[in-house]
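Read-outs throughout are calculated quantities, based only on the coordinates presented, and are distinct from any laboratory measurement. Here the structure is a predicted model, which is why all the values come from computation and not from measurement. Note that we place each Cβ from the backbone using ideal geometry, even for glycine, and neighbour counts take in every protein chain shown.
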Amino acid sequence: MIALGKLAVPLVVSLVAIGSSGRAHADDAGIEFFEKKIRPLLVAHCSECHAADAKKLGGGLLLDSRDGVRKGGDTGAAVVPGKPDESLLIKAVRYTDGSVKMPPKGKLPAAAIADLEEWIKRGAPDPRDKPVASKANDSWEETMRVRARWWSLQPVQNVEVPRPQAADWSDHPVDRFVLARLEKQGLKPAEPVEPRTLVRRLSLVLTGLPPTSEQVAAFLRERESIQPATAYEKLVDSLLDSPHFGERWARHWMDVVRFTETHGNEWNYEVHHAWRYRDYLTRAFNADVPFDQFIREHIAGDLLPKPRWNEKERFNESIIGTGFYRFGEVNHDDCISLPSIGYDLADNQIDTLTKAFQATTVACARCHNHKLDAVSVQDYYAMLGILRSSRLVSHCIDAPDVNAKLMQRLTELKTELRKELAAVWMQETSQLARYMPAALAKRANRPDAAELAAGLDTKRLEKWIAVVAAEKMLIEDPFEPLRVLATATMTDPAAVASEWQKQSERYTKEDRDRTDFNRTQFETFADFRAGSLPAFSQITGKPPAEPTARDGVDPTSRLGRSLAFPDGWHIGGQALRVDPRRGGDFALHPDGDALVRAVLPAGSFTHAVSDKLNGTLRSPVLPLGKKNISFQVLGQRSSAVRLVSNNCQLNYKNYRALTSADLHWETFSPPDERDSLRTYAELMTMFDNPKFPDQLAALGGDKDNYKLPWDKAAENPRSYFGITRIVLHDCPEPPRAEVAHLRPLFAGNGPTSLADVAARYATVIEAALRAWSEDRATDEDARWLDALLRRELLANQVGSSPRLTELAKEYRQTEAELALPRVVAGVGESGSGYDQPIFTRGDVARPSETAPRRFLEVLSASRDSFVSAGSGRMELADRIASSGNPLTARVIVNRIWHHLFGTGLVRTVDDFGHVGELPSHSELLDHLSTRFVAEGWSMKKLIRSLVLTRTFQLSNQPSAESREVDPQNRLLQHFPARRLEAEAIRDSILAASGRLDRTLYGPSVQPFRDKDYADRRLFAGPLDGHGRRSIYIKNNLMEGPKFLEAFNFPGGKVTQGRRDVTNVPAQALALLNDPFVLQQADVWAKQLVARSDDSIGARIDVLFQTALNRSPADDERQRFERTMLELAELHQVPPSGVLTSQLVWCDLAHAIFNLKEFIYIP
């Protein structure tokens, strides 16, 4: 029962004081919006006529400074802040003002106009507070020298710890730095916080969960039995060791990397297995992975020579870190005709990477040198080259030994199955010479038909009759000559010799013409047939920069390089850990009466062992010169082949779902700009397909696929592809099917009777079968056997022999034990590195000189480019993770301080540049940064040290002097109380109600919605999220969890290391009316009325201890007791029934949830 009576509403209102523990960061968000959206727009479309360096100033209007925008031109102010409809700028770009239309060369895109409108609605925030000097007076070299003196770019100093006057207050270095600053301002620290409050504060800060009543009581007992400081240290260590510590700090980092589980935009595709990255973070923080290692895993986790392995679960931890590149909004339109889509994606990656690890807004230099910081346009494009030399890929994280023994046993069983099948089939081929004449006789209704059919299996004979009676076959079908002969000799059996001669001449000509056509019209790009693998370098004339490598192994080891796949190809997934197959390999059905699915030609087939195993193949950048590229492939159930341009993973152009089990050609026309767009080919199974489930309902022909959540759509994990070769060509058609397998049929003298024809077929088939049984089959042999199986002309039942039954049973049982592949979205190498051309004013249509790949000039000893033949990500990671980098340690130390104390030493945690704020305690920041590196980049050691300070243990009550001198508490005279984050509020509600499920890890739970919105891939989950912590609720970019969004849950499009903290009516309404809150009040009430408390007062004590970790004050207890009686009267509950009334206790539990104290870190 869920109830909120008439008296409960004023009760809640009287108890609630929903406040804000900090100002909203609207200014920061507005400046961020200007830098990302507005400045590039003004530079690209307006600077030619409305900038200080314009050849001729248009209308007296300058748009390259804030004053210029506000002052306006000849017709007045261009912008009225907050009022876009009244702004001349908006009227001009809308083309609604007949006298002014800007830009004059053509109207801006609708999205650009919308950005300008949004900017003005926000008040037109603009950091350009100084007029821009003309180029003649502006030397970038001199500007760089000046900007390089900025505080955050100076080497970290090993600062001497100060000696404050009250030196006996604390000997902790941090306290001494804080106290010295307080004393300079004539301030004294607040009193120590009360122990119960300290436990609650520490637990919420370190784990995001309130302490249990038992934890509080245990701490208080220890304070009595041992030294209070020792008891506190033990409490700190226990919380640092809690697995929930990792969840809490993982969520902090997820804000920095704009973690989302879908890509938003119109179709809202999934970020496949994004939850694995979330769990990776939890494990990394719990294991206290050194931060320099953490950096390397994020930037280049796929390139580490010694990756970090999860020994228990047997997977590569390091490679998961590259998943951070993949979050955020992604456009899925055609990025060939709209190349800016790919560059916008890379821009977001640069922005995230440089803010996360360097707190530097490098993305602001996309169109021009940074207007405030020491970042040049060359810096930006140097980093863009690094990312465009990388690929957005799926990684199979399984260790090489995962499934290895099972795969080995399945391979052995296939060898035994081949022997047994060969024995069964050899017996059957002795009867082929009887079945064909009988079928021909039946087809012609000859008098001897019954005699010829005597003793033959009726069902098998019917299959042969269907072959000879078929109306049409492809010319390359092995039974096409027999079908034609059967038709021609129906009325004249004596015409066999002449008809056979016609067929022989026909096939001889076709064989010659097709072979000549294929030889002269096509150039092999890659051949996956074992023993027929020309190197990529032989095709293109270019040496490969990187060897072919496989997922899951050390890329520098011999095991990590394929000896049989073409040069420069990347092979991923478990299915392709073996080299390409020779002709005659076969795939098996995992269940059912039929055993063999197909006999395969030479090539690479992911279902050769099992279609549960995944696989990906990615080519080098496609060479220039040919108009078309064709792939000889097969595949089913959500596998695909495609061309990827500009790293656009969701592009619908040049994408084909594979829906046929038969080998066929798929032809594409690569873009002419394939070199600059870095176009490459990719084949992938379902687990690696970023477009699964597909909004276009194309994958596997499954029209309902896209209507299901990923986990439901993937309940049948079976998916496969196969490929034999890839060719380049100018002609419009792909290679023609060759008929070489029919040459033995027409060799020698022709037959003179139908019996001779049958004997000739039997001879060819027997030879193919014998070669297959001895594992020396050619593609031609495989073609014959596969044709027989497809027409059910060979025994293919599991029960064809006792031994076959036994082997098939073991094979299927073993195959069922295969673990499904574990896959994550991440980044991989592209092969050879690519130096990106600089786009003039950020316009992709105006490339200029190239920018060699390197790190930021201001943080480098020289402008030397990276020496790696690959992307340069490993070098970039090393430069950022260097102890000599002045930003890295400062940035992460400041982030940790921010999460412990509510505000960073540098308040703008994502921007240490000129737009950001100066540090409140610069020497303390350097001291902590020096110590952090010296102690092995350990985040836990730093956190432990900081929470052990007296500064962290202060009361949250400011002194009168502090309010006057330091109203924002930047000097930390008292502990800064603050509102909990959205997730911690929800988790606290679940903890209080007893519904919290503390299970770690696993796929995310869909957030609560009223129903599914499948077209937008918004699916409904349970109201309480199965009781899971909020970190496990799915973060959908198109629409996040509504309850969390009410409390400033981040949007997931950009880095947000410091969340907004607003105080809006929607928050109070959420706590009053949200069905989740009402439900949990009811759940808590059920537990309360089941207790054996002997009084209302005792029950109220339980409420307070559970929710607030303290007992109520006398006046609070009295007020609540009075309220209980009022609620009982409202619900018509007699005084004797109050303790057992769920309605009454539900209302009171609901009131507790609405206390300000409940949602604050004290």
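A few comments on the model shown:
- Extended-chain gain in nm, criterion 0.36 nm per residue less alpha-carbon gap, Tyr1013 and His914: 31.2 nm
- Positive-end extreme of charge dipole, the chain - chosen from Thr360, Ala250, Trp140 (charges on Cβ): Trp140
- The residue list Ser868, Thr724, Thr840 was ranked by how far each Cα lies along the charge dipole of the chain toward its positive end, using unit charges on Cβ atoms, and Thr840 comes out on top.
- For Val1005, distant residues with modelled amide H under 5 Å away: Ile1033, Lys1034
- Among 677-690, 590-603, sorting by the average number of other beta carbon atoms lying within 10 angstrom of each residue, highest first, gives 677-690, 590-603.
- P(r), alpha carbons of the range 959-1118 - 10 Å bins starting at zero, rounded %: 9, 29, 32, 20, 10, 1
- Charge dipole (debye, nearest 20) of the chain; +1 at Cβ of Lys and Arg, -1 at Cβ of Asp and Glu: 740 debye
- Long hydrophobic helices in the chain, taken as whole DSSP H segments with a C-alpha length of 27 Å or more on their own axis and mean Kyte-Doolittle hydropathy at least -1.0: 404-429, 754-773.
- When each of Lys371, Lys105, Lys502 is scored by the number of other beta-carbon atoms lying within 10 Å, the sequence from fewest to most is Lys105, Lys502, Lys371.
- Residues Leu972, Leu1069, Leu954 in ascending order of nearby Cβ atoms (within 10 Å, fewest first): Leu1069, Leu954, Leu972.
- Residue (of Asn749, Pro1065, Ala229) at the positive-pole extreme of the chain, dipole from beta-carbon charges: Pro1065
- Legend: ranking of residues Thr840, Thr352, Thr606 from fewest to most surrounding C-beta atoms inside 10 Å; resulting order Thr840, Thr352, Thr606.
- With contributions of -39500 (n - 2.57) from each DSSP H run of at least four residues, the per-residue ellipticity at 222 nm computed over the chain stands at -12000 deg cm²/dmol.
- Expressed as a fraction of 2.2 N^0.38 Å, the C-alpha radius of gyration for the range 120-246 is 1.75.
- Order by protection proxy (mean Cβ within 10 Å, highest first), peptides 769-779, 282-292: 282-292, 769-779
- Neighbour cut-off at most 10 other Cβ (10 Å), DSSP loop, GluC sites (Glu not before Pro), the range 284-345: Glu311
- Charge tally for Gly635 (other residues, Cβ to Cβ under 11 Å; Lys, Arg +1; Asp, Glu -1): -1.
- In terms of distances greater than 22 angstrom between alpha carbons, the cross-link table entries Lys472/Lys627; Lys83/Lys371; Lys414/Lys612; Lys37/Lys355; Lys184/Lys940 yield Lys472/Lys627; Lys83/Lys371; Lys184/Lys940.
- Report note on the peptides 199-206, 640-647, 749-756: ranked by the mean count of other C-beta atoms within 10 Å, highest first, their order is 640-647, 199-206, 749-756.
- Charged-residue dipole, Cβ positions (Lys, Arg, Asp, Glu), the range 26-138 about Cα centre, Debye nearest 20: 380 debye
- Three principal axis extents of the chain based on alpha-carbon atoms, in descending order, are 119, 87, 61 Å.
- Rounded to the nearest whole angstrom, the semi-axes of the ellipsoid equivalent to the range 26-138, taken from the Cα gyration tensor as √(5λ), stand at 19, 18, 13, largest first.
- Net charge dipole size for the range 1037-1162 [Lys, Arg +1 and Asp, Glu -1 on Cβ; Debye, nearest 20]: 460 debye
- Rounded to whole Hz, the Karplus (6.51, -1.76, 1.60) HN-Hα couplings of the range 307-320, x for glycine and proline: x, 8, 9, 7, 5, 6, 8, 6, 8, 7, 6, 4, 5, 5
- Amide H contacts for Thr850 (H built 1.01 Å from N in the peptide plane; partners 5 or more residues away or on another chain; cut-off under 5 Å): Ile838.
- Within the chain, the cysteines lacking any other cysteine Cβ closer than 4.7 Å to their own Cβ are Cys46, Cys49, Cys364, Cys367, Cys396, Cys731, Cys1146.
- Amide H partners (placed H, <5 Å) of Arg128, local residues excluded: Arg66
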